[in-house]
Amino acid sequence: MRPRSVSSGYVSVLAVVLLGACTTSSSGGPAAALPPGSTAGEDSGASDAGVSEAATYAWQLPPGFPAPRVPEDNPMTAAKVELGRRLFYDTRLSENGTYSCATCHLQALAFTEGKGRAVGSTGQVHPRGSMSLANVAYAATLTWGHPFLDSLERQAQLPMFGDTPVELGLRSQAELEQRLREIPEYAPWFAEAFPGEAPSLLAIERAIASFERSLISGRAPFDRWLVAGEDGAISESAKRGYALFNTETFECYHCHGGFAFTDHVVYADEAFPQTLFHNTGLYNVDGQGSFPAPNTGVESVTGNPADMGRFKAPTLRNIEVTAPYMHDGSIATLSEVLDHYAAGGRTIAAGEGAGVGSANPLKSNFVRGFRMTEAERVDLLAFLTSLTDVEFLTSPEHSDPWQ
Amino acid sequence: MTESHASRFSSSFLVVPALACWAICFACSSPHTAGPRSDEPETPGSAGSGAAGSEPILEAPVRAPPLDAAPAQRPVRIRFRAVVGDEPFACGATYLDPGGVAFSGADLRAFVQDVGLLDADGVEHPVALDVRAPWQQGSVALIDFEDGSGACAAGTRDVNLEVSGTVPEGDYRGLVFSNGVPEQLNHADPAQLPPPLQAGSMTWGWLLGYRFLMAEVVALPGDAGAPGSALLHVGSSACAGNPSQGGVVCARANRNRVRLDDFDPDEDAVLVDLGRLFAGIDLTRLWTCHSSGAECELFFGRVGLDLATGSALERQDLYRVGALDEGQR
């Protein structure tokens with residue numbers, strides 16, 4: 001398979017999505033926000049993103065990536081990103097001084113943790129795993145299954161102050177602010193990022209959100225092939241896998257399409273972000289579609305029975321390094337994830353979580369199951385691993401500044 | 001002595017050295033009615049997530065009929081006292097349930113809002129709350145009984161046992177207040193609000209709101225079996241919407257209006273009974289209520305809330321009138 005023409009890039013993915021009968025988006029897909037005149041092989045800046053304040057921050061966007069949405073009250077600056085990076089990696093942001101954000105979001109693992117269920121600073125086990133922060137600037141909502149948590153700034157408060165379970169274990173905004181004000185080395189960094197302001201939770205969350213928005217991943221071998229037209233960047237097997245990925249047989253692209261390889265995206269100048277959630281038949285513990293509590297997905301927020309088991313489609317970028325998989329880490333390998341979807345939902349014969357997921361009445365129409373040859377499995381896995389962005393996983397810009 | 005004082009239940013269990021005993025007696029409790037106010041589903045508030053320019057509304061609403069011009073005002077303190085049955089609540093204290101399970105209180109904090117006093121005719125006169133950082137702001141006050149010691153190690157050191165404010169001179173016979181945080185503020189960014197609404201243990205990140213009530217007990221290791229615990233977090237639940245697109249709406253507001261008759265602010269205290277809240281449960285297992293799920297049923301009834309709808313019930317058993325020298329001081 002030859003690379004698609006460079007100018008079509010992710011647009012070709014979009015076209016397939018729009019041709020699918022079941023897309024619910026009325027706002028166009030990711031490529032709709034490609035900056036006018038954006039050309040392959042060049043980094044597209046955010047100068048035309050309609051966020052004039054962001055001009056002080058030099059986005060290094062991969063070709064074909066739209067300008068991220070940035071809150072008007074927290075424009076990106078290099079100083080905020082740098083302060084946020086220091087805060088992200090600082091264990092003084094936990095009550096007992098043992099954990100930072102980075103403890104559960106490791107750069108080498110695309111800012112996941114490598115555990116199916118995260119463990120907090122006091123040893124409590126989280127029901128879910130740490131999500132990748134790659135391209136989190138484009139996440140329409142945050143965490144695995146929250147319908148309206150759409151602010152990275154607000155989200156930062158959850159691991160800080162949440163106690164069910166304890167993550168960073170902070171108890172009081174005032175105590176945190178006082179603690180940081182007493183660290184002399186922070187004074188100039190805060191002063192540069194937030195002139196005239198004392199260190200505050202608002203500044204902390206804005207800085208951390210700015211750092212998180214800088215975590216852009218889009219320079220994997222796959223991108224060099226698809227967008228930059230570098231024919232040898234990925235294997236022929238990976239190219240065949242990408243073709244399978246985009247077929248109606250395998251249905252992968254419906255939920256994992258677009259530049260971010262998820263349907264759950266937002267970007268600048270987009271009025272109606274897509275906040276789609278899907279029940280993939282991972283569980284069916286009562287024969288009526290239930291997922292094991294407390295991991296009931298969107299239902300846990302809305303209380304709407306129809307939202308049972310509905311979770312966000314995570315990005316497939318760097319998926320090779322983010323095992324184990326699914327919201328609860330209940331699938332160890334990518335190959336087994338393919339088995340889950342091939343079966344149209346997972347069957348757990350006995351024990352905890354037992355049930356026939358393929359018979360989940362709330363399951364997404366896209367999870368219908370498929371027959372997959374071993375050669376096709378190899379090809380799909382080759383495609384998925386071509387999304388590993390080594391530059392992102394090793395870039396000093398995203399690394400621990402305290403080392 | 002008020003009816004409440006006379007009817008408070010008596011301890012009927014063996015005294016265990018170093019252990020305070022408490023008993024459960026639902027039948028002899030004297031529930032005060034919970035009115036029907038504030039039980040509507042939330043409507044979208046103007047305070048979005050970090051939305052610039054959305055100035056929080058912190059003024060207390062005026063509900064009483066217009067008064068005569070410039071009535072004389074007097075300061076008033078509404079004192080709250082935490083108890084476990086008959087015993088004062090203290091983080092380091094140990095209590096014994098009827099099944100012989102020893103336990104301690106691990107947390108007890110509550111937001112109250114829209115406090116008013118009732119005159120002899122039952123007319124409500126709003127208490128204008130003092131601005132008293134970090135406990136009071138606008139119409140909202142945080143009552144905090146835990147001091148971070150003992151079983152409350154996850155808490156904070158400072159406590160607040162009263163609501164202070166001013167009220168027109170008058171002869172007051174009753175107290176009304178609502179649990180919770182005003183819906184206009186419930187989904188705003190705590191980082192942009194004054195205390196007691198700042199981020200901390202009472203913010204409920206996953207629903208972008210607040211815990212209106214946080215109550216927890218933990219059993220201690222003993223002969224009765226593995227130590228369990230009970231945890232009740234009340235806040236508006238079943239939420240949908242979007243802070244940046246018109247606001248968040250919670251179908252179950254989980255706010256109720258508590259009315260305590262025979263309450264004299266100068267003579268009485270509001271008793272908050274952790275024992276009555278968790279009475280009769282098996283503390284060798286875990287009880288967890290985050291304002292949804294079947295385990296909430298019993299506790300919500302005692303708080304005075306209908307679990308299914310989030311509306312107020314006619315009775316509640318968490319608050320009652322007591323003497324100032326009762327409970328934690």
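The values are calculated or read from the model by the stated rules, or taken from the named source; none is laboratory data. Quick caveat, the model's predicted, so the values are computed rather than measured. Note that we place each Cβ from the backbone using ideal geometry, even for glycine, and neighbour counts take in every protein chain shown.
Pick from the stretch A:118-145 the residues that are in contact with a Lys or Arg (Cβ under 8 Å, 6 or more places away or on another chain) and more than 27 Å from residue A:396 (Cα to Cα): which of them is nearest to the other protein chains (Cβ to nearest Cβ)?
A:141
For the stretch B:248-264, which residues satisfy the criterion of being farther than 22 Å from residue B:298 by Cα and buried (at least 24 other Cβ atoms within 10 Å of the Cβ)?
First, pick out the residues of the stretch B:248-264 that are farther than 22 Å from residue B:298 by Cα: B:248-249, B:261-264.
Answer for the stretch B:248-264, where residues must be farther than 22 Å from residue B:298 by Cα and buried (at least 24 other Cβ atoms within 10 Å of the Cβ): B:248, B:263.
Is there any pair with a first residue in the stretch B:85-100 that is at positive phi and free of Cβ contacts under 8 Å to residues at least 12 places away in the same chain and a second that is buried (at least 22 other Cβ atoms within 10 Å of the Cβ) and outside any loop (DSSP other than H, G, I, E, B) whose Cβ atoms are under 7 Å apart and which are 6 or more apart or on different chains, and what are they?
Close Cβ pairs (under 7 Å, with a partner that is buried (at least 22 other Cβ atoms within 10 Å of the Cβ) and outside any loop (DSSP other than H, G, I, E, B)) do not exist here.
Among all residue pairs at least 6 apart or on different chains, which show Cβ distances below 7 Å where the first residue, located in the stretch A:202-230, is more than 18 Å from residue A:137 (Cα to Cα) and the second is buried (at least 24 other Cβ atoms within 10 Å of the Cβ) and at pLDDT below 95?
From the stretch A:202-230, the pairs are A:226/A:9; A:227/A:9; A:227/A:64.
Could you pull out the residue among B:154, B:199 that is within 14 Å of chain A (Cβ to nearest Cβ), of a type in the set (A, V, I, L, M, F, W, C) and touching a Phe, Trp or Tyr at 6+ places or on another chain (Cβ under 6 Å)? Break it down stepwise before answering.
On the way: B:154 fails: touching a Phe, Trp or Tyr at 6+ places or on another chain (Cβ under 6 Å).
From the options B:154, B:199, the qualifying one is B:199.
Only one of A:345, A:309, A:357, A:351 is surrounded by fewer than 19 Cβ atoms within 10 Å (Cβ to Cβ) and more than 14 Å from chain B (Cβ to nearest Cβ). Can you tell me which? Give the steps one after another, and end with the answer.
Values: A:345 fails: surrounded by fewer than 19 Cβ atoms within 10 Å (Cβ to Cβ); A:309 fails: surrounded by fewer than 19 Cβ atoms within 10 Å (Cβ to Cβ); A:357 fails: surrounded by fewer than 19 Cβ atoms within 10 Å (Cβ to Cβ).
A:351 is the lone residue from the list that is surrounded by fewer than 19 Cβ atoms within 10 Å (Cβ to Cβ) and more than 14 Å from chain B (Cβ to nearest Cβ).
Please work out which one of (1) more than 23 Å from residue A:154 (Cα to Cα); (2) in contact with an Asp or Glu (Cβ under 8 Å, 6 or more places away or on another chain) is the condition residue B:220 fails and give its number.
For residue B:220, the exception is condition (2).
Restricted to the stretch A:285-326, and to residues that are in a loop (DSSP other than H, G, I, E, B) and of a type in the set (Val, Ile, Thr), which residue is nearest to residue A:348 (Cα to Cα)?
As a first pass, look at the stretch A:285-326 and keep what is in a loop (DSSP other than H, G, I, E, B): A:285-296, A:298, A:303-304, A:308-309, A:312-318, A:322-324, A:326.
After this cut, where a residue has to be of a type in the set (Val, Ile, Thr) as well, the list is A:285, A:296, A:298, A:315, A:322.
Working: A:285: 9, A:296: 17, A:298: 22, A:315: 25, A:322: 23 Å.
Applying the filter and picking the extreme gives A:285.
Looking at the stretch B:267-278, is at least one residue out of contact with any Gly (no Cβ under 8 Å at 6 or more places or on another chain) and without any contact (Cβ under 8 Å) to a residue 60 or more places away in the chain?
Yes, some residue in the stretch B:267-278 is out of contact with any Gly (no Cβ under 8 Å at 6 or more places or on another chain) and without any contact (Cβ under 8 Å) to a residue 60 or more places away in the chain.
Going by the conditions given, is residue B:279 hydrophobic (A, V, I, L, M, F, W, C), surrounded by fewer than 24 Cβ atoms within 10 Å (Cβ to Cβ) and in a strand (DSSP E or B)? Let's see the steps before the verdict.
Numbers: hydrophobic (A, V, I, L, M, F, W, C): yes; surrounded by fewer than 24 Cβ atoms within 10 Å (Cβ to Cβ): yes; in a strand (DSSP E or B): no.
Judged against the criteria, residue B:279 is not a match.
Run residue B:311 past the list (1) in contact with a helix residue (DSSP H, G or I) (Cβ under 9 Å, 6 or more places away or on another chain); (2) of a type in the set (Gly, Ala, Ser); (3) surrounded by fewer than 23 Cβ atoms within 10 Å (Cβ to Cβ) and report the number of the one that doesn't hold.
It is condition (1) that residue B:311 fails.
Only one residue in B:207, B:185 is within 14 Å of chain A (Cβ to nearest Cβ), modelled with pLDDT under 95 and surrounded by 23 or more Cβ atoms within 10 Å (Cβ to Cβ), so which one is that?
On the way: B:185 fails: within 14 Å of chain A (Cβ to nearest Cβ).
On inspection, the qualifying residue turns out to be B:207.
Residues in the stretch B:158-178 that are touching an Asp or Glu at 6+ places or on another chain (Cβ under 6 Å) and within 14 Å of chain A (Cβ to nearest Cβ): how many?
Within the stretch B:158-178, residues that are touching an Asp or Glu at 6+ places or on another chain (Cβ under 6 Å) and within 14 Å of chain A (Cβ to nearest Cβ) number 2.
Are any residues in the stretch B:241-268 within 14 Å of the chain's Cα centre (by Cα) and away from chain A (no Cβ under 14 Å), and if so, which ones?
B:255, B:256, B:257, B:258, B:259, B:260
Quick check: is even one residue across the stretch A:109-126 touching a strand residue (DSSP E or B) at 6+ places or on another chain (Cβ under 8 Å) and of a type in the set (Phe, Trp, Tyr)?
Within the stretch A:109-126 (the criterion being touching a strand residue (DSSP E or B) at 6+ places or on another chain (Cβ under 8 Å) and of a type in the set (Phe, Trp, Tyr)), the answer is no, since none of the residues qualifies.
For the stretch B:292-326, give me each residue that is modelled with pLDDT under 95 and hydroxyl-bearing (Ser, Thr, Tyr).
If the condition is that a residue be modelled with pLDDT under 95 and hydroxyl-bearing (Ser, Thr, Tyr), then B:292 is the only one that fits.
Somewhere in the stretch B:237-251, is a residue at positive phi, among the small types (Gly, Ala, Ser) and assigned to a loop (DSSP other than H, G, I, E, B)? Write out each step before concluding.
Of all residues in the stretch B:237-251, those at positive phi come to B:238, B:241, B:246-247.
Okay, now just the ones that are also among the small types (Gly, Ala, Ser), so B:238, B:241, B:246-247.
Next, from what is left, pick out any that are assigned to a loop (DSSP other than H, G, I, E, B): B:246.
Yes, the stretch B:237-251 has at least one match.
Given B:304, B:293, which one is crowded, with 24+ Cβ neighbours inside 10 Å and not hydroxyl-bearing (Ser, Thr, Tyr)? Before the answer, list the steps.
Details: B:293 fails: crowded, with 24+ Cβ neighbours inside 10 Å.
Matching residue, one of B:304, B:293: B:304.
Regarding the stretch A:172-190, can at least one residue be identified that is in contact with a strand residue (DSSP E or B) (Cβ under 7 Å, 6 or more places away or on another chain) and assigned by TED's automatic domain parsing to the domain that holds residue A:56? Break it down stepwise before answering.
Filtering the stretch A:172-190 for residues in contact with a strand residue (DSSP E or B) (Cβ under 7 Å, 6 or more places away or on another chain) gives A:172-173.
The next check asks that each one be assigned by TED's automatic domain parsing to the domain that holds residue A:56; those that pass are A:172-173.
Checked against the condition, which is being in contact with a strand residue (DSSP E or B) (Cβ under 7 Å, 6 or more places away or on another chain) and assigned by TED's automatic domain parsing to the domain that holds residue A:56, the stretch A:172-190 yields at least one hit.
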